[in-house]
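One structure below.
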Amino acid sequence: MPDIIQLLPESVANQIAAGEVVQRPASIVKELLENAIDAGATSVKLILKDAGKTLIQVTDNGKGMSDTDARMAFERHATSKIKKIEDLFHVMTKGFRGEALASIAAVAQVELKTKQQGATLGTHIDIEGSKLKLHEATQTAEGTSFWVKNLFFNVPARRYFLKNDAVELRHCIDEFQRVAFTHSDVEFSFSHNGAEVFTLPRAPLRQRIVHLLGSRYNERLVPVEESTDIVHVSGYIGKPDTAKRTRGEQFFFVNQRFIKNSYLNHAVMSAFEELLPSGHFPLYMLYMEIAPEQIDINIHPTKTEIKFRDERAVYAILLAAVRRALGRHNISPTLDFEQETAINISPIRAGQEVQIPTLRVNADYNPFETTEKKSDALSGWFNAQEKGQSRWQEMMQIGLEVKPETKEKFLDQNNVAIEERTEQIAIDWEEDSPTFQVHRKYIARATRSGMLMIDQQRAHQRVLFEKYFAQMESGTGYSQQLLFPETITLSQTDFVLLQSMIDDVNALGFELEEFGGSTFKLNGTPADAGSTDAQKLLEGFVEQLKNERNSLQYTAREKMAWAMARTASIRHGQMLTQPEMTELVQQLFQCNVPYAAEYNKPTVITLSLNQLEQQFR
């Protein structure tokens, strides 16, 4: 039998190795920015074209490289930071593996110009697919400039799996921010397709955070500082009112290296316990300085995960540091044992006339008045059309049958078997039976055969989803003009996300236009949004959208429609009037799929008399 094991060709081995380092343009951005920092640069420029697919350019004013070092940097396992195995446990710089430039050159066209400080000439190198095309002396500025062009030009299959420009740009922005957060003493600039994304001057850490995340965070940051023999903790946490439903603004840095650590995240979440509503996550930028021999940073290919020698001690110190910061700034609840239990009454000044309290009664108040104020979330669709009223009466008389096409449509959209919810269900309403609210969460009404229970929040989300989805499909959304247009500044990541789907966002009823930088001008909001604050409505929509953007179950437009429905819907705990409950139930049963909300969660359940009687046996 012939031998079957053979060595891979070097070109193939290089491309396989490149897959561990270069997953997308953001991987190259990270490596080149970190190299610039390690070179001692005080000014770094990042230029992208087509989200890095066509060009990634990084220019710095660091110490540069000699002619020999410039060529050696593209060899595999070539590094200036590791000479013996013990050095792995004392690494304080960014990159050290000696794989980055070799991997990048294996899957792209790379051009390098570099010159050492004080040198007369620099070095110019061109490499394409690991093959050296040019190596010569040249006149260039001090420092180093990299041009990475046509990523994956020689691996078309991998280029095919890249996402659209908006997604790839967001990943590049994430990597840029992670480096910029840890080096506020370095000047950064970032442009994409000729448009400025960031211009960051050297500044204290607090100002750097504000420059990256937006001016609205300036008054919402709480400083954290704790120093021990084991670890030094510093940075900022956000006040509870900055908490969001996504984890996007949570950053840990150990020895100026961004890491992900669920164990340490649990420590921060524990410190915020009882300060945040369920499903919300606080903002934090926490920096830890620890002796390099106390951590192992070589356990993950991207170096975003590290291992602590004494993880429990670090956990306890971090928890105490965050709790102390919250308590020091009167954010966490405290008990004042010196406070008198008697009612506090302001002292009366000499000569002050004491007024006798009076009781005011509204003589026009009628407790039996049937006209009630509508909730803001329902005000946009409260007045039912004549067609809807007639259909409602028909449902009450003959019962509701789900249309056959409804079942097929829902199965096609979600690929989930829900036959038990889409089969024919006859709702034989009990005449003159009242509709009432249970714990401000459910709507209940008796039927001839039992009882119907409706989840008010899910029901409203189903109604709004079908409305918003239809608006995006037709491209016509109803907007309520703002008396005074508002300018809304978002983080650059959120701005890019919204910018990539601006047409569909406007089809929902928003009227947005770019206003320069990362700012939108908001001229109108969806007509059924009621009196909800326009900025909170838009920011809430973006947060909901980010929370579901990785879901594979829905199309992009369906995700947007669900995100807007969750943002604008009524909530559990909201009191509804009798007309509002009647209108909500009516709107629900006019939907194509009334029995299921997002992710096939039920909106309606029926309890038969038999089921109720079983509970009393």
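Given the Cα-Cα distance of R324 and Q553 and 0.36 nm per residue of separation, how much length would full extension add, in nm?
78.2 nm
Of all the accessible heavy-atom surface of the stretch 465-543, with the other protein chains kept in place and a 1.4 Å probe, what percent is carbon and sulfur?
51
Net charge near I454, counting Lys/Arg +1 and Asp/Glu -1 over other residues with Cβ under 11 Å of its Cβ?
Net charge in that neighbourhood comes out at +3.
Could you pull the Cα extents of the stretch 455-593 along its three principal axes, largest to smallest, in whole Å?
On the principal axes, the stretch 455-593 reaches 46, 37, 29 Å in Cα extent.
Carbon and sulfur: what percent of the stretch 107-259's accessible surface (1.4 Å probe)?
The nonpolar share, carbon plus sulfur, comes to 46 percent.
Report the relative contact order of the stretch 499-617, percent, no decimals, based on alpha-carbon pairs under 8 angstrom and at least 6 residues apart.
Reported as a whole number, the value is 14 percent.
Pop the C-beta distance of T54 and T606 into the FRET formula with R0 = 60 Å and round what comes out to the nearest 0.05.
0.55
With label points built 7 Å along Cα→Cβ from the Cα atoms of R617 and H280, find their separation and express it in nm.
4.6
Per residue of the stretch 202-219, what does 6.51 cos²θ - 1.76 cosθ + 1.60 with θ = phi - 60° give for ³J(HN,Hα)? Whole Hz please, x for Gly and Pro, Karplus curve as stated.
Coupling constants for the stretch 202-219: 5, 7, x, 4, 4, 5, 4, 4, 5, 4, 7, 9, x, 5, 5, 8, 4, 8 Hz.
Between T519 and T68, take the C-beta separation as r, use R0 = 56 Å, and let me know the FRET efficiency to the nearest 0.05.
0.70
Give the residue list of GluC sites (Glu not before Pro) in the stretch 242-331 that are DSSP loop and have at most 10 other beta-carbon atoms within 10 angstrom.
Within the stretch 242-331, the qualifying GluC sites (Glu not before Pro) (loop, at most 10 other Cβ atoms within 10 Å) are E273, E274.
Ranked highest first by average number of other Cβ atoms within 10 Å, how do 568-580, 44-56 line up?
Top to bottom by mean Cβ count within 10 Å: 44-56, 568-580.
Given K307/K559; K30/K63; K49/K536; K307/K546; K63/K131; K115/K163, which pairs have Cα atoms separated by over 31 Å?
As for pairs spanning more than 31 Å Cα to Cα, those are K307/K559; K49/K536; K115/K163.
The values are calculated or read from the model by the stated rules, or taken from the named source; none is laboratory data. The model shown is predicted, which means the values in this text are computed figures rather than measured ones. Ideal geometry is used to build each Cβ from the backbone, glycine not excepted, and the neighbour counts take in all protein chains shown. These accessible areas exclude ligands, DNA and RNA; they are computed on the full protein's heavy atoms, side chains included. Shrake-Rupley method; radii C 1.70, N 1.55, O 1.52, S 1.80 Å.
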